[in-house]
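The structure under discussion appears below in the form of structure tokens.
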Amino acid sequence: MGARYLRTVGAERFGALRDRVVGPFGSGLNVVFGRNEAGKTTLASLIGGVLFGWDAVDGARNGHEPADGSRAGSLVFRARPDGAPSAASAAPAQDGPIRGEDAPADSDLVLARGPGHDAARAAAEVTADVDRDTFRSLFFLTSDELRSLRNTPDVTARLLSAGSGTGASPAQALAVVQERLDACTSRADDARGSLVALTAQRDELRCQLHAAADRMASYRRQDTELRRLEDDRRDMAERVSVANAALEGLSACRAGAEELDAEARSLQAECARLREDEARAAAEEDELARRVGPRLAGLTASEDRVLRDRLDALGSKESRRAHAVDMARGNLSASRAAYEVVLETADDEGERAHDAAARRLRLAMAIAMPLALLLCGLALFVFARSRGSLSYTLVSLVLIGFALIMATSAFVMMLRPDKSADARKERLRDTQWIMLQDQKKLESCLAEQDELADAIRAELEQAGLGAADGSLRRARALLDEARDVRSDCALCRQRRQAAGVRLADATRRLDAIAVQRAHLFERAAAEPDTTLSQIDDLIARKAAQRDSLLEASERLSRHHGELRQLLAQAATDTSFDELKVRYQAVNTRLAQAVDDFERLLLAERLLQAAIATWESRSQPEVYRRASHLLSLMTDGRWTEVSPGPDGQLRVTGPDLPAHDPARLSLGTCQQLYLAMRLALLLTADNVGRSVPILADDILVNFDADRRRGAARALAELAAARQVIVFTCHEEVARALAEADPSACRIDL
């Protein structure tokens, strides 16, 4: 399968990246430029997560897990062109959907990881010879990673051995072999398969076999002695058994009778107490019933609800009657006040005199004005006649006619009666009639209220609530008290019933105790009326007889028991056979362990020789390339990288002595470790050929000259591998573009 390169990155849900496609990338040098928080580091983590699995989400590392769902992303790998690696970079870079000729081709390899997708199998084509640790150490470069080169020999061995086609690191194989050799010679308690442990186990089993043979001979002698004691012990056991049976029967009868008598006394005391409780509960129930009366005490829940509903209905009627009385009283008070006001107005003499004077004034005016107009009209008529003026004559006639009309009106006014007096009388009669109607209404409402009160009192008497004296509020209070009394009475009945049940149980138990006591004495062959002291005398005599037999039997039994126990252990003791089997098994395991140890020693020598040969052939090329790259980065100040006697790196310049990395500045130290990583990747150019090299702002601590040198070193690596540099510095992007004009730039 040919080499591939990363073409596009799809971020469905990963950290702050949502539904974005970044690319297309070129097969050589790529520069991803973006400001802080644009998502550069997130994009690099997404690429590593799809290839090797998501990072764990914990407090030590940002796993870029979105808040509303699981992580999901995809990578598209395209076959590397046969020409220069950067030739495919001519296509314009973009951040968004890929369309047209940049869309995924049928030959592209798509790796998707997320819900419903597992990129592990498909990623094997890209990462077959690179594991997660190698990727993080050599293929994913960060500023922090360039401060050291952890596990340099192991990483170098793993990378170069994979490049050599062995498929596994000889250093790892040697470590496994040495670990198994240490396990073979370990003296630790848990190393049970080591040669030391197996040898000690074999010696211990040999000693146990000799001790087991001695025990078997002793068992045979003890078996002969046991058979001689069997007959004597059997006779003595029968005699002791008879004595024990009699003694046990008497003792059981004594203990049972004492226990039953104690239980009977306790039950008799309990019966007396239960009778008292039953009587006390009945008395309390009667007292509670007398407090509210038998009628209220015997109400059921449904009857109580019906009675309360009736009281509520009567309360509503009572409220309506009271409201009607209040309204009638208010109306009567208003009509009475209106009548008194009208009456006071009719009795006012000054008002009547004022009305008469006004009437006379109106009459005088009605007479004076027509008379004056008549006189003026006559004078004007005489004057017109003397002058012979028609217009004055007409005016005088108009005045005379108007005077006659006003005189007629005055005459009519004199004849018209006084309407104000009549109106006062009419108003007085109306207010008096309204007052009388309101008074009758009040008397009717009071009569209805008294009638309702009598009906309520009668209904309360009928319901057993006569103590309320016609008050619905007191009637409700009596119902509440009766409800509490009924609850207390129910508790008293429950107590009385419980006491009755327990009393019946206790009585039945007393009868059963009497029957059990008779059966006990019958089984012990004693009279039912035998006292406990008489039974104690019988037990003492039987015990003395039994003790005399036991004293003779104990000697036989003790010795017989010891022999029997030993022989019983011997009968079930398979330790001798087990020891022989275990001894043979340990011998077999020990022989196999010796063979394994010899094979491991041979493998160790062969691996050490292979590693020495491999290191002498591969490592010089790594240090030669690292020296070239470091000289390129430092502009010839440091020109040689070599391993020291202790395995640590040493750097040397034309005019500078050898230094270890700890004595270099931060920038120079990072340039050294960058040169080592690039040299390893250039040397093992067939390892991880499809895995992109990710560099996240690794040139931030370099000055301008060394940044340009590092850019040229990255360009050399990009000639053989795909390199993606993430940066937020414009000057870094320019330096990379100067080092490789065909570099592909992508702006986030």
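The values are calculated or read from the model by the stated rules, or taken from the named source; none is laboratory data. All values reported here derive from a predicted model rather than from experimental measurement. Here Cβ is always computed from backbone atoms with ideal geometry, including for glycine, and neighbour counts include all displayed protein chains. Side chains included, ligands, DNA and RNA excluded: accessible areas come from the protein's heavy atoms. Shrake-Rupley method; radii C 1.70, N 1.55, O 1.52, S 1.80 Å.
A quick yes/no check of all residues on (1) exposed (fewer than 14 other Cβ atoms within 10 Å of the Cβ); (2) more than 30 Å from GLY256 (Cα to Cα); (3) in contact with a Cys (Cβ under 7 Å, 6 or more places away or on another chain):
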residue: ALA524; (1), (2), (3): no, no, yes
residue: GLU551; (1), (2), (3): yes, no, no
residue: SER557; (1), (2), (3): no, yes, no
residue: GLU562; (1), (2), (3): yes, yes, no
residue: THR572; (1), (2), (3): yes, yes, no
residue: SER575; (1), (2), (3): no, yes, no
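Would you confirm, using the coordinates I've provided, whether LEU314 is in contact (Cβ under 8 Å) with a residue 40 or more places away in the chain and in contact with an Asp or Glu (Cβ under 6 Å, 6 or more places away or on another chain)?
no
Could you pull out the residue among VAL700, VAL691 that is of a type in the set (Val, Ile, Thr) and more than 30 Å from GLU125 (Cα to Cα)?
When all the criteria are applied, what remains is VAL700.
Only one residue in GLU285, GLU303 is part of a helix (DSSP H, G or I), modelled with pLDDT under 80 and in contact with a Cys (Cβ under 9 Å, 6 or more places away or on another chain), so which one is that?
None of the other options fit; the residue is GLU285.
So which residues in region 216-246 are of a type in the set (Ser, Thr, Tyr) and under 30 Å from LEU579 (Cβ atoms), if there are any at all?
Answer for region 216-246, where residues must be of a type in the set (Ser, Thr, Tyr) and under 30 Å from LEU579 (Cβ atoms): SER218, TYR219, THR224.
Out of all the residues in region 582-589, is one or more surrounded by 13 or more Cβ atoms within 10 Å (Cβ to Cβ), hydroxyl-bearing (Ser, Thr, Tyr) and either on the phi < 0 side of the Ramachandran plot or in a helix (DSSP H, G or I) (or both)?
Yes, that holds for at least one residue.
Just need a number here: residues in region 1-22 that are more than 13 Å from GLY39 (Cβ to Cβ) and modelled with pLDDT under 85.
Residues flagged as more than 13 Å from GLY39 (Cβ to Cβ) and modelled with pLDDT under 85 within region 1-22 amount to 3.
Do any residues in region 100-123 that are under 16 Å from LEU51 (Cα atoms) and of a type in the set (Gly, Ala, Ser) have Cβ atoms under 7 Å from those of residues that are modelled with pLDDT under 70 and in a loop (DSSP other than H, G, I, E, B), where the two are at least six apart or on different chains, and which pairs are they?
Short answer, once both residue conditions are applied: ALA112/ALA119.
Report yes if some residue within region 86-102 is polar (S, T, N, Q), modelled with pLDDT of 85 or more, assigned to a helix (DSSP H, G or I) and within 27 Å of SER137 (Cα to Cα); otherwise report no.
no
Here is a list: LEU311, LEU296, LEU307, LEU288. Which entry is over 16 Å from ALA463 (Cα atoms) and either open to solvent by less than 50 Å² (accessible area, probe 1.4 Å) or of a type outside the set (Ser, Thr, Tyr) (or both)?
The match here is LEU288.
Need pairs with beta-carbon distance below 7 Å; first residue open to solvent by 70 Å² or more (accessible area, probe 1.4 Å) and within region 231-249, second of a type in the set (A, V, I, L, M, F, W, C); sequence gap 6+ or separate chains.
Within 7 Å, the pairs are ASP232/LEU556; ARG233/LEU556; ARG239/LEU549.
Can you name the strands (runs of 3 or more DSSP E) wholly within region 647-737 that have at least 1 residues being open to solvent by 10 Å² or more (accessible area, probe 1.4 Å)?
649-653, 656-659, 693-696
What are the pairs with Cβ atoms under 8 angstrom where one residue, in region 621-638, is without any contact (Cβ under 8 Å) to a residue 12 or more places away in the chain and the other, located anywhere, is β-branched (Val, Ile, Thr) and open to solvent by 40 Å² or more (accessible area, probe 1.4 Å)? Sequence gap at least six, or different chains.
SER631/THR639
Take the residues in region 11-44 that are small (Gly, Ala, Ser) and within 31 Å of the chain's Cα centre (by Cα); name whichever of them is most open to solvent (accessible area, probe 1.4 Å).
By that ranking, first place goes to ALA16.
Would you please name the residue that is farthest from the chain's Cα centre (by Cα), looking only at residues in region 468-487 that are surrounded by fewer than 17 Cβ atoms within 10 Å (Cβ to Cβ) and touching a residue at least 24 places away in the same chain (Cβ under 8 Å)?
In this case the residue turns out to be GLU481.
Report, by residue number, each residue of region 495-508 that is in contact (Cβ under 8 Å) with a residue 60 or more places away in the chain and open to solvent by less than 70 Å² (accessible area, probe 1.4 Å).
ARG496, ALA499, GLY500, LEU503, ALA506, THR507 - these are the residues of region 495-508 that are in contact (Cβ under 8 Å) with a residue 60 or more places away in the chain and open to solvent by less than 70 Å² (accessible area, probe 1.4 Å).
Being at pLDDT 80 or above, small (Gly, Ala, Ser) and within 21 Å of PRO620 (Cα to Cα) is the filter here; which residues of region 643-669 pass it?
Correct list: GLY653 only.
Is there any pair with a first residue in region 510-522 that is in contact (Cβ under 8 Å) with a residue 24 or more places away in the chain and a second that is open to solvent by less than 40 Å² (accessible area, probe 1.4 Å) and of a type in the set (A, V, I, L, M) whose Cβ atoms are under 7 Å apart and which are 6 or more apart or on different chains, and what are they?
Close Cβ pairs (under 7 Å, with a partner that is open to solvent by less than 40 Å² (accessible area, probe 1.4 Å) and of a type in the set (A, V, I, L, M)) amount to LEU510/ALA264; LEU510/LEU267; ILE513/LEU260; ILE513/ALA264; GLN516/LEU260; ARG517/ALA257; ARG517/LEU260; LEU520/ALA257.
Would you check if VAL176 is aliphatic (A, V, I, L, M), open to solvent by 60 Å² or more (accessible area, probe 1.4 Å) and either in contact with a Phe, Trp or Tyr (Cβ under 8 Å, 6 or more places away or on another chain) or at pLDDT 75 or above (or both)?
no
Taking ARG132 and the conditions (1) open to solvent by 50 Å² or more (accessible area, probe 1.4 Å); (2) in contact with a Phe, Trp or Tyr (Cβ under 6 Å, 6 or more places away or on another chain); (3) modelled with pLDDT under 70; (4) of a type outside the set (Ser, Thr, Tyr), which numbered condition does it fall short on, given that it satisfies the others?
ARG132 satisfies all of (1) open to solvent by 50 Å² or more (accessible area, probe 1.4 Å); (2) in contact with a Phe, Trp or Tyr (Cβ under 6 Å, 6 or more places away or on another chain); (3) modelled with pLDDT under 70; (4) of a type outside the set (Ser, Thr, Tyr) except (3).
Enumerate the pairs (first residue in region 31-47 and under 12 Å from ILE746 (Cα atoms); second residue anywhere and aromatic (Phe, Trp, Tyr) and open to solvent by less than 10 Å² (accessible area, probe 1.4 Å)) with beta-carbon separation below 7 Å, excluding pairs fewer than 6 apart on the same chain, so at least 6 apart or on different chains.
The qualifying pairs are VAL32/PHE726; LYS40/PHE726.
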